[in-house]
Amino acid sequence: NGIRVFAKMLFCQKTFNNLQNKGDIMKKKIIGGLLALLLAVSPSLSMAQGFSDTQNSWAKRYIEYYQSAGIISGSGNNMFYPNNSVTANEFAIILGRVLSQKHPQLFAENEEKSSTTFASQFFSADNYLYHLERLGLLQGIALSPNFPSQKMNRSTADMILKNLATLLANQNNSADAKIGDDFQKPIANQNADNNSTAVNLSSDAKENTNDSRDNNTDASAISAVDPSDQNAMDSSAKESHKDNLNSNQNPIANTNPSIVSLYRPNWYSEIGTLYSPSQLLTRSELLQILYHTFETQTLPYAHKVELPITHISQMTPVVAPVGCEPVSMLMCLRYKGFAKDVSIRQYLDALPRHKNDPEIAFAGSPYTPNEALRTTIFPSPLAKYGQSYGAQVVDISGSDVEQLKTELYNGNPIVVYVTLFWQKPYYKKYNIAGEVRTYLRNNHALVLAGYDPINRKFLMVDPYNVKGMKAKYWYDEDKFTTLYNARKHAVSIQ
């Protein structure tokens, strides 16, 4: 294979050098693109062995797939920074390279026309953004000279992908067309380097991953999709989420039958509403979307996944001995880029409360233990409180342990309800609004942040790190399952 690829490269280079006259300019561009593409995607020359910072990433399988395909090669020093936000230029390069493999005609068919009749105000012809604009994929987005360096949010990414669906549907001239039906090997492409952003992502890649989800995108430079009424989203999210857990293909809801099927991430509700439109898109999320949009083969969950959750204690600096549920969710919110400017005290003070009913709000106070109350908050009101910070927080109570694993492999931390110090559950009766209810008394909630399939253990991030309990530790799957199944209470932060 290596000799065959090398021979093709020599042939392309020789032909490239022999093209001199103006009539051969277009052929020269195409052959030059082919030469660059051979360098980019040759399995003999692309020694993809995985990045050092993605071995425990939830998106490891997507990252390695596209690394092997020559679409990405990291940010230098064998790093990929999977949790960093993706810029518009990076987004365009990765999407453009995938399209050059799956639908090379998009770059080949109109090449001559684009060079004579299309002129971009902001992008040069050797940039993928130029071609995305030429193809109409940037319609509806307010462009500006600084757009290439702008971080992409869900709204902008969603608009580009919907424009792509329309383009491909029109090209296929079929209402039932599917993206990726006909795999075509790459034949022609514009400059494969494109400022080398996707091959060697820019120095911005080295930003601290804890800051990579800051919602600092210039809202005036994009066209945002307004979320619908929050109550409508809440009513459909839980059932929709259960349907999505085991689905690899999840078409975006759209009334136009000519729209081809796009993968719908779990930031869509059942009615096609876009959650958290201003939330920044990470590199991992982009690769996940593109894989499920263009590929049909299911990638296995065979690796250890560990979400880099920053621990927050419920006992210091703020003492909230019965505030494990909201503090656990705060860890998840901050991991997803929300509630970063809110102090723990402010966050707990704003928690909705009820005098004694945890199914409505937090019963009592998270700061004060009370034997007469079941001082907790149930998953549904907890999820609604999390949504108030702009995040998609879904009550997934009732999910089995395998569904929880799927959540983790989709990059979503989970607040799970178990027992304090992993002890045997015991129950107590409470009189609430004239009704006697039986609740588990030794309740505890913590963050489920990873899974090790070899050792069959879950990673716990425990806010109640007292009495020798570590802040983070791995816990046996069977023991966890027994205590989790006592109630199957869980909240996913997406």
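The values are calculated or read from the model by the stated rules, or taken from the named source; none is laboratory data. Since we're looking at a predicted model, the values are computed, not measured. Cβ: placed from backbone, ideal geometry, glycine included. Neighbour counts: every protein chain shown. Calculation scope for accessible area: heavy atoms of the full protein, side chains included, ligands and nucleic acids excluded. Shrake-Rupley method; radii C 1.70, N 1.55, O 1.52, S 1.80 Å.
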Seminar exercise, completed: Taking the stretch 70-90 and keeping residues modelled with pLDDT under 95 and open to solvent by 20 Å² or more (accessible area, probe 1.4 Å) leaves S73, G76, N77, N78, N83
Exercise. Can you pull out the strands (runs of 3 or more DSSP E) entirely within the stretch 420-494 that have at least 1 residues that are farther than 22 Å from I396 by Cβ and within 26 Å of the chain's Cα centre (by Cα)?
Worked result: 472-476
For this session: Residues being surrounded by fewer than 22 Cβ atoms within 10 Å (Cβ to Cβ) and in a helix (DSSP H, G or I): count how many of those fall in the stretch 349-380.
Result: 2
Seminar exercise, completed: Picking from Y367, Y347, the residue that is without any contact (Cβ under 8 Å) to a residue 24 or more places away in the chain, over 30 Å from D452 (Cα atoms) and among the aromatic types (F, W, Y) would be Y347
Seminar exercise, completed: The condition of being touching a strand residue (DSSP E or B) at 6+ places or on another chain (Cβ under 7 Å) and open to solvent by 20 Å² or more (accessible area, probe 1.4 Å) holds, among Q346, Q387, only for Q387
For this session: Output the residues belonging to the stretch 390-406 that are surrounded by fewer than 20 Cβ atoms within 10 Å (Cβ to Cβ) and among the hydrophobic types (A, V, I, L, M, F, W, C).
Result: V401
For this session: Among residues belonging to the stretch 330-380 that are of a type in the set (S, T, Y) and in contact with a Leu (Cβ under 7 Å, 6 or more places away or on another chain), point out the one that is farthest from T282 (Cα to Cα).
Result: Y347
For this session: Output yes when any residue across the stretch 163-170 is modelled with pLDDT of 90 or more and open to solvent by 10 Å² or more (accessible area, probe 1.4 Å), and no when none is.
Result: yes
Problem set entry | Selection within the stretch 381-398 - closer than 25 Å to L281 by Cβ and in a loop (DSSP other than H, G, I, E, B) | S388, Y389, G390, A391, Q392, I396
Exercise. Within the stretch 419-442, is even one residue touching a residue at least 24 places away in the same chain (Cβ under 8 Å) and buried (at least 23 other Cβ atoms within 10 Å of the Cβ)?
Worked result: no
For this session: Those residues that are charged (D, E, K, R) and under 19 Å from the mean Cα position of the chain (by Cα), I need them from the stretch 285-335; list them, please.
Result: E285, E295, K304, E306, R334
For this session: For A445, indicate whether it is surrounded by fewer than 16 Cβ atoms within 10 Å (Cβ to Cβ) and either touching an Asp or Glu at 6+ places or on another chain (Cβ under 9 Å) or at pLDDT below 95 (or both).
Result: no
